[in-house]
Amino acid sequence: MNDPTQRCSHHPLGRVVSAAAFAALLITSQWVTAPLAGAWEMRVCADPDYMPQSNRAEEGYENRIAEILADELGAELTYQWWTLAPSMVSEQLREGNCDMMIGVPDGGDGVLATIAYYRSPYAFVYRADEGYDIATFDDEILTELQLGTTSEGTSAHLALARRGLLDRITVSSEFAGTNAGARFSALIESVARGDIDVAVPWGPVAGYYAGLQDPPLTVTPVPEFDIPFTPMYHSIVIALRLGDEELRDLLDQAIARRWDDIYAVLAEYNVPTLPLPRPSLSIAEQPQ
């Protein structure tokens with residue numbers, strides 16, 4: 001990939017200097033080896049209406065994490081807004097309209113991925129005053145309740161379908177709303193109102209929107225695996241174009257160095273997480 005510092009003539013490495021000028025800089029100790037703030041443009045593809053992950057006002061936790069990484073790399077953060085869909089890869093990332101996609105589940109085809117920086121499970125969400133104690137998809141009480149998921153095809157939706165509960169499921173697409181964030185919010189609000197007894201969204205949706213409700217809602221992570229060996233969580237990475245190993249390595253190093261800051265943001269947004277090994281700086285800084 002092209003060195004990102006070459007995108008801006010204001011970065012020291014982007015200037016053409018004479019040997020004499022270079023020597024003078026060394027002598028006067030004014031040569032700065034670390035990137036300067038705003039020295040290069042970190043172009044991120046993100047959904048403009050996908051809270052709690054991201055929105056155009058940059059209020060999502062993925063927006064906050066992108067800010068942390070840009071700060072660590074001395075970059076100016078800019079966005080290419082695009083609805084989260086496969087076309088983000090084909091029409092934006094591969095076309096060069098952005099350099100990376102934030103908040104992407106690991107294992108996607110046709111992209112280069114950073115190390116995972118968090119792992120979040122699906123979760124049961126229900127009113128705390130109902131007295132439920134639901135911890136598995138095999139709890140018999142689920143056969144008596146109205147259920148909700150974010151969409152068909154999610155791991156949680158499939159787990160409920162395997163147990164013959166399709167006729168009890170409402171998906172968030174059935175709610176009015178022009179964007180995914182509004183529909184996610186409506187799903188959790190319906191639990192607070194009692195229209196749906198138990199929702200099973202992905203963890204960030206569960207934790208963030210449940211924290212905004214009154215009366216209080218209980219958020220309980222589902223078991224990590226469901227039959228037959230289906231992971232009930234997503235490990236999240238940043239996706240880049242194939243061949244952008246240099247940028248991938250820079251981001252891996254930044255993630256490792258700012259690990260605690262990333263997890264502080266996740267906690268602020270009530271994102272439930274599963275254990276993920278903290279990356280070693282010595283490993284992250286080695287070429288992969």
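The values are calculated or read from the model by the stated rules, or taken from the named source; none is laboratory data. None of these values were measured; they are calculated from a predicted model. Backbone-built Cβ (ideal geometry, glycine too); neighbour counts: all protein chains shown.
Starting from residues that are under 24 Å from ILE141 (Cβ atoms) and free of Cβ contacts under 8 Å to residues at least 40 places away in the same chain, keep the ones in the range 187-213 and report whichever is surrounded by the fewest Cβ atoms within 10 Å (Cβ to Cβ). Per the stated criteria, the residue is ARG193. Can we say LEU242 is part of a loop (DSSP other than H, G, I, E, B), modelled with pLDDT of 95 or more and within 22 Å of the chain's Cα centre (by Cα)? It is true that LEU242 is part of a loop (DSSP other than H, G, I, E, B), modelled with pLDDT of 95 or more and within 22 Å of the chain's Cα centre (by Cα). Taken as a whole, the structure places PRO231 among residues that are surrounded by fewer than 17 Cβ atoms within 10 Å (Cβ to Cβ) and not charged (D, E, K, R).
Are any of the residues in the range 131-145 part of a loop (DSSP other than H, G, I, E, B), of a type outside the set (A, V, I, L, M, F, W, C) and surrounded by 21 or more Cβ atoms within 10 Å (Cβ to Cβ)? Scanning the range 131-145 turns up no residue that is part of a loop (DSSP other than H, G, I, E, B), of a type outside the set (A, V, I, L, M, F, W, C) and surrounded by 21 or more Cβ atoms within 10 Å (Cβ to Cβ).
Here is the figure for the range 211-237: residues that are out of contact with any helix residue (DSSP H, G or I) (no Cβ under 6 Å at 6 or more places or on another chain) and modelled with pLDDT of 95 or more total 14. Of all the residues in the range 86-101, those that are of a type outside the set (D, E, K, R), free of Cβ contacts under 8 Å to residues at least 12 places away in the same chain and in a helix (DSSP H, G or I) number 2. Taking the numbered list (1) touching a Cys at 6+ places or on another chain (Cβ under 9 Å); (2) more than 21 Å from ASN270 (Cα to Cα) in turn, ILE102 passes all entries but (2). Of all residues in the range 153-175, those satisfying the criterion of being touching a Ser or Thr at 6+ places or on another chain (Cβ under 8 Å), outside any helix (DSSP H, G or I) and at pLDDT below 95 are THR170, VAL171, PHE175.
For the range 76-85, the criterion of a residue being under 23 Å from GLY108 (Cα atoms) and free of Cβ contacts under 8 Å to residues at least 24 places away in the same chain is satisfied by at least one position.
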